[in-house]
Every structure is written in C-alpha cells, then in structure tokens.
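This report refers to the structure that appears directly beneath it.
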Amino acid sequence: MNNISILWVDDEIDLLKPHIIFLENKNYKVITCRSGQEALEELQKTNVDIVFLDENMPGISGLETLNEIKVIDSSLPVVMITKSEEEFIMEEAIGAKIADYLIKPVNPNQILLSLKKNLDHSRLVSEKTTANYQQEFRKIAMDLSMVNSVDEWIDLYKRLIYWEMRLEDIEDNGMFEILESQKTEANNHFGKFVDRNYLDWFGGDGPVMSHTLFKEWIQPEIEDAPTLLVVIDNLRYDQWYAFEDTVGTYYKKNKENSYLSILPTATQYARNAIFSGLMPLEMQRKHPDWWKNDNEEGGKNLHEADFLGAQIARLGLDLKWEYHKISSLRQGKQLSQNFRTQKDNDLTVIVYNFVDMLSHAKTEMEVIKELASNDKAYRSLTQSWFKNSPLVEIIQQAQQLGMKLIITTDHGTINVKQPSKVIGDKETSLNLRYKTGRSLTYEDKDVLAAKNPEKIHLPRINVSSSFIFAKNDLFFAYPNNYNHYVSYYRNTYQHGGVSLEEMIIPFVVLSPK
C-alpha cells in the first residue's frame, strides 16, 4: 500500500497492541517506544512519517519530547495523545505545532483518521477537488451560455477564482489547464457582454461603478462610525482573498460587494472617478485645472484629494476628513507612526500604491518577472508584501481606535499573453490595454471600440480621436519592432482594458473585533 512508518511512544505500549495490529493489517509499519528518551534516540537513526506521542510519561514528558522532536525535524507531524483535557496542555501542544490532538481512550478508527488527515491529506484533497471541479466545469460551461446580467457575471467570476485557488494546490495540472481555458472563454463572453451593455449602464439603472461608488456605497457607511477607507491600487479579487485572513486577525467582515470599474480600467480614469464622483468627461468640464488627458504632460492623479473634497461638498456632507497617498515604504511607516492623529476624523482615506508598483516592476525588472511568473506567484507576492507592510500596522491601529474599515480598489489587472496589432499617429496614448488617438487601425474582433467617446463619458484628445479597449488577455503592439515589443511585454500584468480581472473588483466593509 503505502510503506508509511509510524513511531508510537507510550509508556503503556503493551495495552495498545490491538491498535498496532489494526494498523499493521492496513500495511502501516509501527515502531514502538516506551519513553521520550527512547523515542529521541530512535529518531536519530530511523526515518519515520509520523509520531504518536503520549503526553503523560515518566522521565521527560510528552511536551518536552515534542519540543526535542521539532529540533530534530521541524516538519515531522506529531499527534499528541493524552488522558488530560486540561486547557494549558492543549495550548502548549498547539503552540508547538502538533499535527493533531487526541483524548484517551482512542479507538483504531480515530488513529486511522488522523493518519489520513496528516499523511494522505494532499492526495485525498486532490482527488476530491478534481472530482468536484469536473462537476462544476459542466455547470460553469452551461452558465456561460446563459449569463446575462452584471450580478450573474460577478457570481460566475467568483466561482472561477474559487476553483483557481483550489486547483492550483493539487497535483493534477491538467485540471488547472482546463480551468485556464474556461477563464479565457468566460472573458471572451464577458467582452461581448460589456460591448452590448456598457453604454446602457449610464442610464440610471446600471450597476455601481467607479463614479457612483462613493455616493452609493461609501457615504452610507461613514454616517454611523469613524471610517478608514483603504484604496489599494490595482488590486484583483484573488489578491484580496490572498490576504483576507490577515485582515481577519483584527476585523470581521460585515459585507463583501463587487462593483465595476469604468473604462479605461486605468488609474487616471477609474480612481479619479471614485474620488470625484464624476466620469472623466465631466471631470474635464467641471475641473479643467485638475484633469489631464493622456497626451498632456504631468501627473494624472495629482488632484484626488481636491476631487474628493469637491464631491464631499457637492453631497452636502459635514465631515472631518484626511487623504493620504502612500507610494513608498518610508511614507507607509511615517503614516503608521503618526496614525493616532487620525482618531478624530470621520473619514480617513489612504491610497496605497504598492500593488500598482509591483505590476509595473514586473514589466521592467527581470527579478520581479521571476517572482511573479504567474497568477499564483503574483498572489503569493502580494500576500507576502501585505503581511510585512506598514498597512497591516495601520489597520491594527484603526482597530484599536474602533474605526470601521473599508477595503477596495480602483481596478484590477490581467496577465497579458497575446499581442494585437494597432497603428496610430504619434499622439496615440501609450497604454498597452487601451488606446486613444486619431485614425486608429486595429483588429475589430480584439477590441471594444468607442468611436464617439462622449457617449461613454470620455473626453477626446482632439475632434476626431476615439478609444479602443483590448479584450481578454490581449495587449496592443505596434508593427514597428514588433517581435521585440511582444517578447518584452508578454506575460506582464497590465490594465486599462475589458476583462473580468480588471472590471469586477471588491468592496469590503469590516468592523473591529
């Protein structure tokens, strides 16, 4: 069967003979010891797969033996078995990272279950996950042909993320490849859905989008408690799930909603829309000194606080508020050190730019390309950053101050894999997922085109300019130096276009624990 070796340590090992025979009949090899010291000597000369360890033994105790075992092999699973139900023993054992905790008397099936859980866990989870996804695959495939509303697309996208994060940890790469193809198909359908419906979403009955987010969802939340609003730039749904547990140490989730980023799904458009409560065309008209088009020099997000102040005044809100933009570790640490000065605010807004910097660094730095070579690695890198960032310290302080917490983003990002040729003049914008300019030549099937930008509330660079947005995982490439350009940007994270990853994004409200 499995050639699994068990070391069973108990000063009354003779009384466990029926259990040992039961395991041996199932082809497990059982080595027995009567004391902790004997067990430690055995481990110095024998490799075993798991240890069953009695807590109450003469000589060195089970807990002392456990600590010594972890010195010898920190990854070796140890199952503590004890007659005692005293809480401090459980806490000591759990603190030493035991694999399981069983109370005497134990029956053979309890032992077998513990073995399955600790040694056969990966195989069993893999088999169960694969079988479940095979069933879900058929259901998702059927739903793809029928999904026809924003809420249905949000539900389907979350299901795809769920299965992606489950399948990436199992041994069956074939299933993961099937899911990847299903995500591609879903994005193809989603692109067509957005193409058909995007214009209608501005008619009053549309979904919550960037420019309506503050009024519809943020304003009601800040009316009853001091609130910390964290906008993590360029954050995808799966990345939020990657560090949700860390936030959960300090906060409990009250609600999780999803809203849609406007097009282009790019920072200067989507984030300015959040803070202004206006679409880009209206921003340009109402606040020409604060808005810059793609072809204009200077920073495009320098007036977010001004936009927010204007929106708060327009909504007639009497708030004490502050805005902070964090673009470096130094700025994050500085805010963390001084965060208690925010305690009297009704609203504290933090824009945290790390994820955006990471996605751009992946394009420009080979080491980041290696560290974030795919979505799984990208999530892992985001999780590692978050756990060690000043943002966690800020969230912890907000919890201590009793502040409500809102976490959201302005748009997501997608790993681009396939080039799409585009031709434009020298005034054409440089973004890889959208272009605006005159006389654009492109593949119709690859893009959502807005030949009259005003209809979707976007400003024109000039009288004859239009917008195009890349669908699925495409990125725009010019014919000049085409092969070098494609090689440089393929498998990088970009935003600005039409995809589930870029447009469907989280809005999470949490209360302090």
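The values are calculated or read from the model by the stated rules, or taken from the named source; none is laboratory data. Quick caveat, the model's predicted, so the values are computed rather than measured. Cβ sites come from the backbone with ideal geometry, for glycine too, and all protein chains shown count toward neighbours.
Brief remarks follow.
- Across the stretch 243-293, the qualifying residues are those that are among the hydroxyl-bearing types (Ser, Thr, Tyr) and over 17 Å from Thr212 (Cα atoms), and the one among them that is surrounded by the fewest Cβ atoms within 10 Å (Cβ to Cβ) is Thr249.
- Residue in the stretch 453-460 that is under 23 Å from Tyr237 (Cα atoms) and either at pLDDT below 95 or touching a Phe, Trp or Tyr at 6+ places or on another chain (Cβ under 8 Å) (or both) present: no
- So Leu53, is it free of Cβ contacts under 8 Å to residues at least 24 places away in the same chain, among the aliphatic types (A, V, I, L, M) and closer than 18 Å to Ile111 by Cβ: no
- Looking only at residues in the stretch 162-179 that are in a helix (DSSP H, G or I) and exposed (fewer than 15 other Cβ atoms within 10 Å of the Cβ), the one that is modelled with the highest pLDDT is Tyr162.
- Of everything in the stretch 245-298 that is of a type in the set (Gly, Ala, Ser) and touching a Pro at 6+ places or on another chain (Cβ under 9 Å), the residue that is nearest to Gln399 (Cα to Cα) is Ser258.
- Qualifying residues in the stretch 294-304 (those that are buried (at least 16 other Cβ atoms within 10 Å of the Cβ) and acidic (Asp, Glu)) - the one nearest to Lys455 (Cα to Cα): Asp294
- Residues of the stretch 112-161 that turn out to be modelled with pLDDT under 90, outside any helix (DSSP H, G or I) and of a type in the set (Gly, Ala, Ser), as a count: 1
- Flag if Gly424 is modelled with pLDDT under 95, farther than 22 Å from Thr184 by Cα and in contact with a Leu (Cβ under 6 Å, 6 or more places away or on another chain): yes
- Of all residues in the stretch 414-457, those satisfying the criterion of being of a type in the set (Ser, Thr, Tyr), farther than 20 Å from Leu500 by Cα and in contact (Cβ under 8 Å) with a residue 40 or more places away in the chain are Ser429, Thr436.
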